[in-house]
Amino acid sequence: MALKLSCVLFDLDGTLVNTAPDLLACLHSALTHHNVVQTDITTLMPYISYGAAAMIKHSAAASMSAAQQAEILTTMLHLYEQNIAVHSDFFAGIPETLAFCEAQQIKWGIVTNKRKRFTEPLVDALNIRARVACVISGDSTAHAKPHAAPMLAACQQAQVAPEECVYIGDARHDIEAGKAVNMTTLAAMYGYLTPTDTPETWGADALIASPKHLLTWLETRL
């Protein structure tokens, strides 16, 4: 069925960009600095979509006090701010998807729960500032996803109607936020899903296996 599409909106971490290498490296350094041994840092990748604090709570530091975890978080975020895009890059297939959108004169943007202090430098490091129609961070509005406020702010910034937008993300709160404003929603199955995630129950309009699948999905609906 043809879709009237004005804008494709992306979650950032785990959907548009593979930020895991830098986030995990900074967390590993922070844990080491605080004398916490994490034998396999990659096991924490599924929790990236829920923020750095969630990553720490599922790490070897889980048994530590809240104050100690907060110290680790401060160290990690300081390191991450200094190493925002050492290894982070678009997922394979995303550049082609963005090029397709631009060729079709479809706008694209970012709606993330990542804070501005990290989102903005990452956007600049990826050299997409002149291309992106909107960038909404977790602290751009009074409420973060799953609240509708970030989605509405993105539409206002991009000058598009919510019902003419597709939003893709790899967490339940992404789908809930998009649905709250009547956007078409897509669940990024290639993202940072936790072992207990059940994206087939989130109510997304489609499950997307890869960025290449996303491109195909868009092509067949235009």
Exercise. How about the range 24-70: which of its residues are surrounded by 14 or more Cβ atoms within 10 Å (Cβ to Cβ) and farther than 24 Å from ALA171 by Cβ?
Worked result: SER29, HIS34, VAL36, MET64, GLN68
For this session: Starting from the range 1-29, take each residue that is under 15 Å from GLU81 (Cβ atoms) and list its partners that are among the charged types (D, E, K, R) and not in a loop (DSSP other than H, G, I, E, B), counting only C-beta distances under 7 angstrom and pairs at least six apart or across chains.
Result: THR19/ASP13
Seminar exercise, completed: Residue hits (the range 48-84; in contact (Cβ under 8 Å) with a residue 12 or more places away in the chain, more than 19 Å from SER137 (Cβ to Cβ) and not acidic (Asp, Glu)) are ILE56, LYS57, HIS58, SER59, ALA60, ALA61, MET64, GLN68, GLN69, ILE72, THR75, LEU79
For this session: Could you tell me whether the range 168-179 includes any residue that is crowded, with 17+ Cβ neighbours inside 10 Å, within 21 Å of LEU218 (Cβ to Cβ), more than 15 Å from the chain's Cα centre (by Cα) and among the aliphatic types (A, V, I, L, M)?
Result: no
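Looking at this structure, is ALA144 in a loop (DSSP other than H, G, I, E, B), over 22 Å from ASP22 (Cβ atoms) and free of Cβ contacts under 8 Å to residues at least 40 places away in the same chain? Step through it out loud before you land on a result.
Values: in a loop (DSSP other than H, G, I, E, B): yes; over 22 Å from ASP22 (Cβ atoms): no; free of Cβ contacts under 8 Å to residues at least 40 places away in the same chain: yes.
So ALA144 fails the test.
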Exercise. Looking at (1) surrounded by 18 or more Cβ atoms within 10 Å (Cβ to Cβ); (2) of a type outside the set (Val, Ile, Thr); (3) part of a helix (DSSP H, G or I), can you tell me which one GLU200 breaks?
Worked result: (1)
Problem set entry | Test for ALA130: is it over 27 Å from ILE56 (Cα atoms) and over 14 Å from the mean Cα position of the chain (by Cα) | yes
Exercise. Only one residue in MET189, MET183 is surrounded by 16 or more Cβ atoms within 10 Å (Cβ to Cβ), touching a Pro at 6+ places or on another chain (Cβ under 7 Å) and over 22 Å from THR19 (Cα atoms), so which one is that?
Worked result: MET183
Seminar exercise, completed: Every listed condition ((1) touching a Gly at 6+ places or on another chain (Cβ under 8 Å); (2) crowded, with 20+ Cβ neighbours inside 10 Å) holds for ILE208 save (1)
Problem set entry | From the options ALA158, ALA177, residue that is out of contact with any Ser or Thr (no Cβ under 7 Å at 6 or more places or on another chain), of a type outside the set (Val, Ile, Thr) and within 22 Å of TYR47 (Cα to Cα) | ALA177
Exercise. Residues of the range 161-204 being in contact with a strand residue (DSSP E or B) (Cβ under 7 Å, 6 or more places away or on another chain) and polar (S, T, N, Q), which ones?
Worked result: THR184, THR185
Exercise. Out of curiosity, is MET64 within 25 Å of PRO146 (Cα to Cα) and modelled with pLDDT of 95 or more?
Worked result: no
Seminar exercise, completed: Screening GLY109, GLY93 for residues that are surrounded by fewer than 18 Cβ atoms within 10 Å (Cβ to Cβ) and under 25 Å from PRO199 (Cα atoms) leaves only GLY93
For this session: Take THR216 and decide whether it is surrounded by fewer than 22 Cβ atoms within 10 Å (Cβ to Cβ), among the hydroxyl-bearing types (Ser, Thr, Tyr) and not assigned by TED's automatic domain parsing to the domain that holds SER49.
Result: yes
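The values are calculated or read from the model by the stated rules, or taken from the named source; none is laboratory data. Just so you know, these numbers come straight off a predicted model, no measurement behind them. Note that each Cβ is placed from the backbone with ideal geometry, even for glycine, and that neighbours are counted across all protein chains shown.
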